[in-house]
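The values are calculated or read from the model by the stated rules, or taken from the named source; none is laboratory data. Since the structure is predicted, the reported quantities are computational estimates derived from the model, not experimental observations. Note that we place each Cβ from the backbone using ideal geometry, even for glycine, and neighbour counts take in every protein chain shown. Quick note on the areas: whole protein, heavy atoms, side chains included, nothing else; ligands and nucleic acids left out. Shrake-Rupley method; radii C 1.70, N 1.55, O 1.52, S 1.80 Å.
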Amino acid sequence: MIISKTPFRISLIGGGTDFPSYYKKKAGLVIGGTIDKYCYVTARFLPKVFDYKHRIVWSKNEVVNNNNEIFHPTVRSVFNYLKIDKGLEIHYQGDLQKNSGLGTSSSFCVGLINSIKSLYNKNISTKNLAQTAIHIEQNIMKENSGSQDQIWAAYGGFNTIDFKKNNKFKVKKLTLTNSKINKLNNNLFLIYTGIHKYSHIVEKDKLINFNKNIDLLDQIYLLAKEFKSTIVKNSNVDFIGDILNEYWFLKKKLSNKVSNSKIDEIYNECINLGASGGKIIGSGGGGFLLVYCKKKFQKNLINKLKKLPIINFKFTDEGSKIIFKP
């Protein structure tokens, strides 16, 4: 039996420029990091005594006799891509719900590939792990997805990811003092909107309007470059609230599906209660709001928003890893 542990991620800025349709023409840049919320994938060979070949346990319990009968699209696609012919049992568990904007589906894809490779005693590099997950999601599953989530899940850490026109990427760790990291951990938190989201619907709408959105994506790219420079040079990270606020209003212009009246209401209330900025995590339409709020305002904000689940987190350095292998 193999168990992998793969982190979820917080993308702070640059989302949208990680889509091949953009960075193959212009180059892209995203900044963010993995957090201490994870998904766990257990994989083992299934004994032949059962009257089915594969068992996949997630929010459903699937028992099937061939790969193409698998309902879960990621599992089916990974099994077919890796040419799985032996019977497998797969279990998925996550610290936070799926479709929340935290890159959960890509973390699962990365963790699943990592688990199966380890089960077959085949080594896979961090870069190849990310590239394989990108290929499966974008080219096999035909998802309307970017390329950052798979990289965060594989590499881990608080990084910049530069996307090149030649379809290559470069991951660089942002060297921040412990004081800066601690302030980010203390002043950033997630607020669950209560809205279940489907990122592919939002991203499909953005792609339909891609030509109209080029100028907005250019502005987002420049904002990410400014963020990268400022967070390294400035001793104080409180500027993040303002820059997230600026990014949020650019992001909303990409599609009218990014936000809605409920999300706007929660966001505006956060600002009125002392937060300096924030944004929806992921593609938009629901899931979690990321909010930057100084410590002195947090107690009042949390009390006023007590009906909404608030999640604290810390940035972490580790990507997907095998935590159990007998």
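Ordering G241, I214, L301 by Cα displacement along the dipole of the stretch 213-326 toward the positive end leaves L301 in first place; charges were set at the Cβ atoms of Lys, Arg (+1) and Asp, Glu (-1).
The lysines within cross-link reach of K325, meaning a Cα-to-Cα straight distance under 18 Å and a gap of 8 or more places when in the same chain, are K5, K117, K122. On a per residue basis, the chain carries 46 Å² of accessible surface, using protein heavy atoms and a 1.4 Å probe.
For the stretch 265-313, a simple Cβ point-charge model (Lys and Arg +1, Asp and Glu -1, everything else neutral) yields a dipole of about 300 debye relative to the Cα centre. The dipole here belongs to the stretch 59-164: it is taken about the Cα centre, uses +1 on the Cβ of Lys and Arg and -1 on the Cβ of Asp and Glu, and is about 240 debye.
When nucleic acids and ligands are ignored and a 1.4 Å probe is applied, R44 ends up with an accessible area of around 70 Å².
Checking the Cα-Cα distances for K26/K168; K251/K296; K25/K170; K253/K307; K127/K172 against a 19 Å cut-off, the pairs over it are K251/K296; K253/K307. When all protein chains stay in place and ligands, DNA and RNA are ignored, the 1.4 Å accessible-area order of Y81, Y22, largest first, is Y81, Y22. Nearest 10 degrees, 0 to 90: what angle lies between the long axis of helix 104-119 and the longest principal axis of the chain (Cα atoms)? The answer is roughly 40 degrees.
When you work out D = kT/(6 pi eta Rh) for the stretch 61-172 at 10 °C and 1.306 mPa s, using the Kirkwood radius from C-alpha pairs as Rh and the Stokes-Einstein form, the result is 107 µm²/s.
The accessible-area ordering, largest first, of the residues I2, I124 stands as I124, I2, per a 1.4 angstrom probe. The share of accessible area on the stretch 24-105 that comes from carbon and sulfur is 48 percent, using a 1.4 angstrom probe. Note on the stretch 215-326: Cα-only Rg and Dmax are 16.2, 53 Å. Ordering F108, T132, T160 by Cα displacement along the dipole of the chain toward the positive end leaves T160 in first place; charges were set at the Cβ atoms of Lys, Arg (+1) and Asp, Glu (-1). Element breakdown for the stretch 248-326 at a 1.4 angstrom probe: carbon and sulfur atoms account for 52% of the accessible area. For the chain, the longest principal axis of the alpha carbon atoms and the long axis of helix 199-208 meet at an angle near 70°. When the Cα positions of G274, G32, V75 are compared along the charge dipole of the chain, G32 comes out farthest toward the positive end, with charges on each C-beta of Lys, Arg, Asp and Glu.
In the chain, Cα pairs under 8 Å separated by at least six residues give a relative contact order of 27 percent. Relative to the Cα centre, the charge distribution of the stretch 194-326, modelled as +1 at Lys and Arg Cβ and -1 at Asp and Glu Cβ, gives a dipole magnitude of about 440 debye. Between helix 178-187 and the chain there is an angle of about 90 degrees, using the helix long axis and the longest principal axis of the Cα atoms.
In terms of overall dimensions, the C-alpha atoms belonging to the stretch 37-99 reach 35, 22, 18 Å along their principal axes, ordered largest to smallest.
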